[in-house]
Amino acid sequence: MRVVVFSDVHGNVVALEAVLDAIRQDAAPDALFMAGDLALLGPRPAESLALLRSLDDTRFVMGNTDKYILDRGVHTEEIDFTRSLLSIDDLNFMESLPFEQRLEVAPGHELLVVHANPRDLEEPIKPGSADAVIRPLFEGVTADVVAFGHYHVPFVRQLDGWLLVDVASVGMPRDNDQRAVYVILTWDGRVWHVEHRRVPFDMEYVARDYVAVGYPNAEEAAQRLLAARY
Ligand SMILES: [Mn+2]
């Protein structure tokens, strides 16, 4: 059983297309999950939504920035810009996204997919987070592998009975590597195997696209993307 998880597209349709092509060519998954943050912060939110919504074989969860777009009380230049480009159908699709997705591959062996952590949409799990910080977020979680995004840095970490997999970001990597990322999780009937795959895309083009579409503070947004780090 091969499961692909990708996350944090953030309105970068060029990276999304590259990753979807790579998944189709190289991964041939039995199940496909997307761990949230679809549209905000990138230059092409509507194009990204259109492509994501066309994936009928993909199971989604909601990310924190998806929630910001849906919350009419929240305003930043970036959120207002993004909201103005999305259709009612796009917003309804985002509104319908659940907090989590699950896949049981064998008795006692289950994959849980969430955006940031199993408890909320905001608290990031970082490669260096102390065990004592992570444990309360996983209280009651029975899945043996938990895949999430949000922090945009790929890593795998075993904590107690949980295999933590940060699938990182398709559209906005933050680990000093300008390539997109997705993850292949393979259940071999006994244990899980995890593999992060990197996918190059034309990041220079996407950086210029912020300016082309009139994104708020476009030069800063472009530089943040190109830096590929915190
Ligand atoms: Mn996020």
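The values are calculated or read from the model by the stated rules, or taken from the named source; none is laboratory data. All values derive from a computational prediction rather than experimental measurement. All Cβ positions, even for glycine, are placed from backbone atoms using ideal geometry, and neighbour counts span all protein chains on display. Surface areas here come from the heavy atoms of the whole protein model, side chains and all, with no ligands, DNA or RNA. Shrake-Rupley method; radii C 1.70, N 1.55, O 1.52, S 1.80 Å.
Remarks
- Scoring VAL74 on the criteria (1) at pLDDT below 95; (2) farther than 24 Å from PRO216 by Cα; (3) in contact with a Phe, Trp or Tyr (Cβ under 8 Å, 6 or more places away or on another chain) leaves a single failure, condition (2).
- Residue check, VAL141 surrounded by 16 or more Cβ atoms within 10 Å (Cβ to Cβ), more than 15 Å from LEU38 (Cβ to Cβ) and in contact with a Pro (Cβ under 6 Å, 6 or more places away or on another chain): yes
- Conditions (1) open to solvent by 20 Å² or more (accessible area, probe 1.4 Å); (2) within 12 Å of the chain's Cα centre (by Cα); (3) not acidic (Asp, Glu); number of the one not met by GLY128: (2)
- Taking segment 115-201 and the strands (runs of 3 or more DSSP E) fully enclosed by it, the elements with 2 or more residues that are touching a residue at least 60 places away in the same chain (Cβ under 8 Å) are at 145-148, 180-187, 192-199.
- Enumeration of residues in segment 93-119 that are out of contact with any helix residue (DSSP H, G or I) (no Cβ under 8 Å at 6 or more places or on another chain) and over 27 Å from ARG190 (Cα atoms): SER96, PRO98, PHE99
- Those residues of segment 39-54 which are open to solvent by 20 Å² or more (accessible area, probe 1.4 Å), among the aliphatic types (A, V, I, L, M) and either part of a helix (DSSP H, G or I) or away from the ligand (no atom under 16 Å from the Cβ) (or both), in sequence order: ALA46, ALA50, LEU51
- Some residue of segment 19-27 being open to solvent by less than 30 Å² (accessible area, probe 1.4 Å), within 13 Å of the chain's Cα centre (by Cα), β-branched (Val, Ile, Thr) and within 16 Å of the ligand (Cβ to nearest atom): no
- When segment 11-31 is filtered for residues that are among the charged types (D, E, K, R) and either within 28 Å of GLU78 (Cβ to Cβ) or not in a helix (DSSP H, G or I) (or both), the ones remaining, listed by number, are GLU17, ASP21, ASP30.
- Which listed residue, of VAL74, VAL61, is over 22 Å from HIS196 (Cα atoms) and among the β-branched types (Val, Ile, Thr): VAL74
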